[in-house]
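Here is the structure we will look at.
The values are calculated or read from the model by the stated rules, or taken from the named source; none is laboratory data. Only a predicted model underlies this, so the values are computations on that prediction, with no experimental measurement involved. Quick reminder, even Gly has a Cβ in these numbers, built from the backbone with ideal geometry, and neighbours come from all protein chains shown. Just so you know, the surface numbers come from the protein's heavy atoms only, side chains and all, with ligands and any DNA or RNA stripped out. Shrake-Rupley method; radii C 1.70, N 1.55, O 1.52, S 1.80 Å.
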Amino acid sequence: MKSRNNPYRQERQRERSSGGNRQTEQVRVDETAADNGEEVIAGKHPVLEALRSGREINKIWIAEGAQKHLTAPIVAEAKQHGIIVQFADKRKLDSMAGEVAHQGVIAQAAAYRYYEVEEILAAAKAKGETPFLLLLDEIEDPHNLGSILRTAECTGVHGVIIPKRRSVGLTATVSKISAGAAEYVPVARVTNLAQTIESLKEQGVWIAGADVAAEQDVYRTKFDMPLGLVIGNESKGMGRLIREKCDFLIKLPMAGQLNSLNASVAAGVLMYEVLRQRRGI
């Protein structure tokens, strides 16, 4: 592997909204939420984490008759941030959430902000940590993306990079499955993943691709370098060009009859191996 020591670019801290100074208002409503480029966050934990993370939330709906022990922390947090809380018929929340289980709580928030790759690198540098990025090559299932984000948050991944085309983005389902992790893990959405990989390599980041056909065992690989870990599509794996751009390929050992794992499960195992090594365990 070639040596790369290029410095990172300018630092920039993640900006978070202060939430305003309005007083919390509890009223009954029957109007429909506006859909002007905004996102719907559904479920107790996703909404609560969105509030705690400083996400810009315009309004929160709570179903009439919802259990108070579940909604009280949300109402209290919303009051602290000056966010309006409105009570509505459960059928209204059902229509707003679609197929996502909302548990009687929905938040209408500003659309998710996608980060620049440079911001992610700068944030890692500001923390004095070796960059650890996850690059997802055409992950299409929102449940997989949500699960990956949840594990990424737990393992200290500095950011996730996804392509704009043929890939799921940050949706309400992804937020729900991530259990609020989508509020904490910066996600960059790029036009060309291959070009992004080249740019990362120029900045000293090593690119490792997860591939079932790889010869190198993940447990015999050192990850003590700035790292970008590539996870491929659920059925096709990594595309040919992306595979060729990787500095090295790694695989998980398989002892059973199957030769591959679910994308989010494989990503989780790999992320925890990187975390284990970086903690010197």
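Could you say which residue among ALA101, ALA88, ALA107, ALA111 is within 14 Å of LYS59 (Cα to Cα) and surrounded by fewer than 19 Cβ atoms within 10 Å (Cβ to Cβ)?
Numbers: ALA101 fails: within 14 Å of LYS59 (Cα to Cα); ALA88 fails: surrounded by fewer than 19 Cβ atoms within 10 Å (Cβ to Cβ); ALA107 fails: surrounded by fewer than 19 Cβ atoms within 10 Å (Cβ to Cβ).
Checking each option against the conditions leaves just ALA111.
Report, ordered by the first and then the second residue, all pairs with beta carbons closer than 7 Å, sequence separation of six or more or different chains, a first member in region 165-187 that is of a type in the set (S, T, N, Q), and a second member that is part of a loop (DSSP other than H, G, I, E, B).
SER167/GLU138; SER167/ILE139; SER167/GLU140; THR173/VAL100
Go through region 73-103 and give me each residue that's of a type outside the set (A, V, I, L, M, F, W, C) and touching a Lys or Arg at 6+ places or on another chain (Cβ under 7 Å). Step through it out loud before you land on a result.
Keep residues of region 73-103 that are of a type outside the set (A, V, I, L, M, F, W, C), which gives 73, 77, 79-82, 86, 89-92, 94-95, 98-99, 102-103.
Within region 73-103, GLU77, GLY82, GLN86, GLN103 qualify.
What number of residues in region 57-85 are surrounded by 18 or more Cβ atoms within 10 Å (Cβ to Cβ) and not hydrophobic (A, V, I, L, M, F, W, C)?
Total meeting the criteria: 4.
Could you check region 145-198 and list, in sequence order, the residues that are in contact with a Pro (Cβ under 8 Å, 6 or more places away or on another chain), open to solvent by 10 Å² or more (accessible area, probe 1.4 Å), closer than 21 Å to GLN103 by Cβ and assigned to a loop (DSSP other than H, G, I, E, B)?
Passing the criteria: THR171, ALA179.
Within region 238-265, how many residues turn out to be buried (at least 21 other Cβ atoms within 10 Å of the Cβ) and under 16 Å from LEU145 (Cα atoms)?
Residues flagged as buried (at least 21 other Cβ atoms within 10 Å of the Cβ) and under 16 Å from LEU145 (Cα atoms) within region 238-265 amount to 3.
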